[in-house]
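Colleague: Can you keep this structure in mind? I'll have questions shortly.
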Amino acid sequence: MITVVDPDAARDALLAGRLSCPEPGCDGILRVWSRARARQLRRRDGGLIALRPDRARCRRCAVTQVLLPAWCVPRRGYDVEVVGAALLAAADGVGHRRVAAGVDVPAGTVRGWLRAVRAGAPALTACAVGVAAAAGASVFPAQAPARWAGRALPEAVAALGVAARAFALSLATPRPPGPGGHWSGVDYLAVIAERHRRHLHRGLRLADPGAALAALRGWPLINLLTGGRLLACGPPG
């Protein structure tokens, strides 16, 4: 799976042969490989979004990828804003039935979301630590409410929020070119920063050919930083 910030820009890049395979050790180019099945996702305002993601296949390793927009949580019938609203309410101590009523989602579905995030809290927090460290920040500033301390789900949510802010501030936008070296005229710091940014994007399995990532905020950004595994980071089995 690849997370895309702008599906239209990603589709154009795919058709033009400008999307690279995200698989480790592969530098192949992706080609069009039909479309995934059509589906509908419910938004926070109750409206429905029709989605039929593009699929791509690597010309070198032959692995197939689905290109999902950043607002889409894989294998869920609700967009990430609905899931995020539920997680924030639960972090504040609201029971799953009241959370479900607040986001207009069946109680059993919300209970499953909360269980998944609690089970995956260590992995989600580790993901946040890694992203924030790459951005030169700590995920444990005194920003989260004190009542969240010591509770797995709230601490994971707080860590992801800090990581998203750090990423948005430090890594989403390429460093502007400087004056260059005295002898070569090459801005080596800009070259290093751009390589680091591309390496991070590859590790996150994201595609942003339209350079829209700098404007991404909130739960879509958090969903992207977790590689779409916000609700799927629990231990195996």
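Any read-out appearing in this document is the output of simple, stated calculations on the displayed coordinates, not a laboratory observation. Quantities reported herein were computed from a predicted structural model and do not represent experimental measurements. Cβ coordinates were reconstructed from backbone atoms using ideal geometry, including for glycine residues, and neighbour counts include every protein chain displayed.
Colleague: Express in nm, to one decimal, how much length is gained between R52 and R75 on full extension, taking 0.36 nm for each residue of separation and deducting their alpha carbon distance.
Modeller: 7.0 nm
Colleague: Shifting gears a bit: Find how many whole Å separate the alpha carbon centroid of the range 27-41 from the alpha carbon centroid of the range 1-25.
Modeller: 9 Å
Colleague: Pop a pseudo-label 7 angstrom from the Cα along the beta-carbon direction at both C61 and A215 and give the gap in nm to one decimal.
Modeller: The two pseudo-label positions are separated by 3.2 nm.
Colleague: Karplus couplings for the range 116-130 from phi (6.51 cos²θ - 1.76 cosθ + 1.60, θ = phi - 60°), rounded to Hz, Gly and Pro as x?
Modeller: 5, 6, 4, 5, x, 3, x, 5, 5, 5, 4, 4, 4, 4, x
Colleague: Which semi-axis lengths, in whole Å and largest first, follow from the square roots of five times the eigenvalues of the Cα gyration tensor of the range 49-113?
Modeller: Semi-axes from the Cα gyration tensor: 32, 11, 9 Å.
Colleague: Let's see if you can work this out: charge +1 on each Lys and Arg Cβ, -1 on each Asp and Glu Cβ, no other charges. What is the dipole magnitude of the range 1-108 about its Cα centre, in debye to the nearest 20?
Modeller: On the way: 18 positive and 11 negative charges, 108 e Å.
With Lys and Arg at +1 and Asp and Glu at -1, about 520 debye.
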